[in-house]
């Protein structure tokens, strides 16, 4: 099988564990730039009195649901060429964006979720199991072990519900793996993988940008629908596909166009 963004080792780890950790996905300058843009977006969002949709609002965090509406850089990260190649290996040649957000987990805050799967659905395409949804976390800060880590139960992507262990507190889940990662790390996981957020008892705010992709039969979750202005401005097949303007692209050339566009932006920058 041809791989576009993953190594064979990464593919094996994905199938075994249900998640992948890609260190140094964003460089230091990129991470610093996104941190500045996230801070500016939160300043505008909170000063305006805007509210997140009830479908996405969580306790114990600061968040902006639909962060792609807050500037072109967030849209560009949604369609990062390297990540698109990885997702092509995981989801196939056609997929859409269904939600996205900026999230800050301040110190001293309890877990904002319990252990769960993001989807109970599993599908098979061309006789191969493929994820219904894949979520990507870009961490913009170092995350210490006690810093409110995203955590997974490795291998739970292959477990039945009745095989999943239980825990009274999220931190007590036996065999869990914590994403105490460095800034610039991308963490990618199958929606069927059992996961949780843990309490932040460190003195560091966990900072992340989160993008959720799904098979093209789906649309953005209520409250996360891209604006008409954003859709109207979409000029490439890749962006049109992700925003659901032309959801059935299934066009390998869209990935080539995304690569060419990224090279052009780098040249102009």
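The values are calculated or read from the model by the stated rules, or taken from the named source; none is laboratory data. Predicted model, so just to flag it, every value in this text is computed and none were measured. When we count neighbours, we look across all protein chains shown, and the Cβ atoms used for this are built from the backbone with ideal geometry, even at glycine.
What to note about this one:
- Annotation for the range 119-130: at least one member residue is closer than 25 Å to residue 77 by Cβ and in contact (Cβ under 8 Å) with a residue 12 or more places away in the chain.
- Residue 33 vs. criteria more than 25 Å from residue 195 (Cα to Cα) and either more than 19 Å from the chain's Cα centre (by Cα) or part of a loop (DSSP other than H, G, I, E, B) (or both): no
- A single entry from 186, 177 fulfils the requirement of being at negative phi and surrounded by fewer than 20 Cβ atoms within 10 Å (Cβ to Cβ): 177.
- Note on the range 193-225: residues that are in contact with a helix residue (DSSP H, G or I) (Cβ under 7 Å, 6 or more places away or on another chain), closer than 19 Å to residue 129 by Cβ and buried (at least 21 other Cβ atoms within 10 Å of the Cβ) amount to 3.
- Among the conditions (1) assigned to a helix (DSSP H, G or I); (2) farther than 25 Å from residue 182 by Cα; (3) in contact with a strand residue (DSSP E or B) (Cβ under 6 Å, 6 or more places away or on another chain), residue 69 misses just one, which is (3).
- All of 143, 130, 75, 96 fail the test of being in contact with a helix residue (DSSP H, G or I) (Cβ under 9 Å, 6 or more places away or on another chain) and within 22 Å of residue 27 (Cα to Cα), apart from 75.
- A count restricted to the range 21-45 and to residues that are closer than 26 Å to residue 222 by Cα and out of contact with any strand residue (DSSP E or B) (no Cβ under 8 Å at 6 or more places or on another chain) stands at 5.
- Residue match in the range 14-24 (condition: crowded, with 16+ Cβ neighbours inside 10 Å, in contact (Cβ under 8 Å) with a residue 12 or more places away in the chain and over 27 Å from residue 159 (Cα atoms)): no
- Verdict on residue 56 being under 19 Å from the mean Cα position of the chain (by Cα) and at pLDDT 95 or above: no
- Looking at the range 91-139, the strands (runs of 3 or more DSSP E) lying wholly inside it that each contain 2 or more residues that are more than 20 Å from residue 184 (Cα to Cα) sit at 95-105, 123-125, 128-130.
- Single match in 82, 88, 44 (criterion: over 26 Å from residue 254 (Cβ atoms), part of a helix (DSSP H, G or I) and in contact (Cβ under 8 Å) with a residue 24 or more places away in the chain): 44
- Every listed requirement among (1) touching a strand residue (DSSP E or B) at 6+ places or on another chain (Cβ under 8 Å); (2) assigned to a loop (DSSP other than H, G, I, E, B); (3) free of Cβ contacts under 8 Å to residues at least 60 places away in the same chain is met by residue 151 save one, (2).
- Qualifying positions in the range 31-58 - buried (at least 17 other Cβ atoms within 10 Å of the Cβ), over 24 Å from residue 113 (Cβ atoms) and out of contact with any helix residue (DSSP H, G or I) (no Cβ under 9 Å at 6 or more places or on another chain): 31
- Residue check, residue 165 more than 17 Å from the chain's Cα centre (by Cα), free of Cβ contacts under 8 Å to residues at least 60 places away in the same chain and surrounded by 14 or more Cβ atoms within 10 Å (Cβ to Cβ): yes
- Unmet requirement for residue 230, which otherwise passes all of (1) modelled with pLDDT of 95 or more; (2) exposed (fewer than 14 other Cβ atoms within 10 Å of the Cβ); (3) assigned to a helix (DSSP H, G or I): (2)
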